[in-house]
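To start, the structure itself, in structure tokens.
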């Protein structure tokens, strides 16, 4: 059994509440959208993960507010 240690977690808030999260682990920055059973993808930097999360929001959505937990 393998385990992954989460190094940091950011929650993304849109105008109607939580829209997704970014988890930093040994593999990179993992984006998961709210309501999804699977990660959207893993990215090499926090900036690219934030951009990817925003690109998976509804067209015309404002940039979300990211809060580290």
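Some notes on this structure:
- Among residues of segment 5-14 being surrounded by fewer than 19 Cβ atoms within 10 Å (Cβ to Cβ) and at pLDDT 95 or above, the one that is farthest from residue 66 (Cα to Cα) is 8.
- A single member of 35, 51 is exposed (fewer than 10 other Cβ atoms within 10 Å of the Cβ) and not in a strand (DSSP E or B), and it is 35.
- Consider segment 54-66 and keep the residues that are touching a strand residue (DSSP E or B) at 6+ places or on another chain (Cβ under 7 Å) and within 11 Å of residue 20 (Cα to Cα). The one that is surrounded by the most Cβ atoms within 10 Å (Cβ to Cβ) is 64.
- Some residue of segment 40-58 being in contact (Cβ under 8 Å) with a residue 40 or more places away in the chain and under 11 Å from residue 8 (Cα atoms): no
- Within segment 54-69, the set of residues being more than 23 Å from residue 27 (Cβ to Cβ) and outside any loop (DSSP other than H, G, I, E, B) comprises just one member, 65.
- Tally of residues being in a loop (DSSP other than H, G, I, E, B), out of contact with any strand residue (DSSP E or B) (no Cβ under 6 Å at 6 or more places or on another chain) and surrounded by 12 or more Cβ atoms within 10 Å (Cβ to Cβ) across segment 38-48: 0
- Subset tally (residues that are free of Cβ contacts under 8 Å to residues at least 40 places away in the same chain, within 25 Å of residue 58 (Cα to Cα) and in a strand (DSSP E or B)) for segment 3-31: 9
The values are calculated or read from the model by the stated rules, or taken from the named source; none is laboratory data. Bear in mind that the values here come from a model prediction, so they are computed numbers and not experimental data. Methodologically, a virtual Cβ is constructed for each residue, glycine included, from the backbone with ideal geometry; neighbour enumeration extends over all protein chains shown.
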